[in-house]
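The values are calculated or read from the model by the stated rules, or taken from the named source; none is laboratory data. In this text, all values refer to a predicted model and were calculated from it rather than measured experimentally. Cβ coordinates were reconstructed from backbone atoms using ideal geometry, including for glycine residues, and neighbour counts include every protein chain displayed. To get the accessible areas, we keep the full protein, side chains included, count just its heavy atoms, and leave off ligands, DNA and RNA. Shrake-Rupley method; radii C 1.70, N 1.55, O 1.52, S 1.80 Å.
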Amino acid sequence: MKHILIFILFTQVFCVNLVAQKSEEASVRTKNEFRFTLGGGYAYRLGILLKTGDDHIDELSQKLRHGFNLDASGQMYFTPHIGIGLNAIYVRQHEYDEGKTIPTMTGYATMDYFKETTEFFYIGPSFAIKTRANKINCYGEVGFGLLIFHDWGKVLETSGDIIRPTTGLHWSFSPEYRFSSHFGMGLKLSVTAGFVRVPFSETENKKQNASNLNIGWFISFQTK
């Protein structure tokens, strides 16, 4: 987690330095520019997951780190390099297993199946910056908003369903190749970060990491 935050800080400082550089278009006042993106790709759950006390179930839970993301965003740039945006991100991770023997309070039992799904939905505003170099553009965003954590699972005959809203932070960096003045395609790296409190026992709640690292492709459309 520390290395990811250091990388985020480095790339953000890099983008800000690029924005600070003077270019030919920086001195030209233009009308507002709108940009919209749609994309998706791989999602990796960050942080330490809660332990259940059973090695097999904990091993299956670790596999829940891997999933997919869907991403939509829009920005309005009121200068050649600075604007505001809105981001919506959906992440889903799922794991399934069956026919395993696990320890119980009364001995051992065959697990009919283990099934768990985690979902994350983030939406919020952002501060947006961009740089231009011929057909290659670079975009960066930092923001905060609503992050909803949803966890559904079933082990043996016991099932649970948890929904927790919280405040989330969002950061993204995306280089893009412009095929034309209105259409482009690129790679997006983003992090959504947050924490929720979930029930660990009948009398105890524990803090759960609800952060994800997202990597994927996107297509973009813009008005200029």
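Residue check, A128 against (1) more than 21 Å from F78 (Cβ to Cβ); (2) modelled with pLDDT of 95 or more; (3) more than 16 Å from the chain's Cα centre (by Cα), all met but one. Which one?
Checking A128 against (1) more than 21 Å from F78 (Cβ to Cβ); (2) modelled with pLDDT of 95 or more; (3) more than 16 Å from the chain's Cα centre (by Cα), the one that fails is (1).
In region 68-93, which residue that is without any contact (Cβ under 8 Å) to a residue 60 or more places away in the chain and among the small types (G, A, S) is farthest from C138 (Cα to Cα)?
Looking at residues that are without any contact (Cβ under 8 Å) to a residue 60 or more places away in the chain and among the small types (G, A, S), I get A88.
List, please: which pairs have Cβ atoms under 6 Å, are six or more places apart or on different chains, and start with a residue in region 118-135 that is over 22 Å from N32 (Cβ atoms) and end with one that is polar (S, T, N, Q) and modelled with pLDDT under 95?
Matching pairs, first to second residue: T118/Q93.
What residue, of K63, K51, K22, K31, is open to solvent by 80 Å² or more (accessible area, probe 1.4 Å) and at pLDDT below 60?
K22
Where residues in region 142-166 are modelled with pLDDT of 95 or more and of a type in the set (G, A, S), which of them is nearest to F34 (Cα to Cα)?
G143
Name every residue in region 144-169 that is closer than 30 Å to I82 by Cα and open to solvent by less than 70 Å² (accessible area, probe 1.4 Å), in order of residue number.
Selection gives G145, L147, I148, T166, G168.
Would you please name the residue that is most open to solvent (accessible area, probe 1.4 Å), looking only at residues in region 173-221 that are of a type in the set (S, T, Y) and free of Cβ contacts under 8 Å to residues at least 24 places away in the same chain?
Here the residue is T203.
Just checking, does region 167-175 include any residue being under 15 Å from the mean Cα position of the chain (by Cα), modelled with pLDDT under 95 and under 27 Å from K63 (Cβ atoms)?
Looking through region 167-175, none of the residues is under 15 Å from the mean Cα position of the chain (by Cα), modelled with pLDDT under 95 and under 27 Å from K63 (Cβ atoms).
If I filter region 198-206 for residues that are at pLDDT 85 or above and over 19 Å from H81 (Cα atoms), do I get at least one hit?
no
E141 fails exactly one of the following numbered conditions: (1) surrounded by fewer than 15 Cβ atoms within 10 Å (Cβ to Cβ); (2) in contact with a Phe, Trp or Tyr (Cβ under 8 Å, 6 or more places away or on another chain); (3) not hydroxyl-bearing (S, T, Y). What is the number of that condition?
The single condition E141 does not satisfy is (1).
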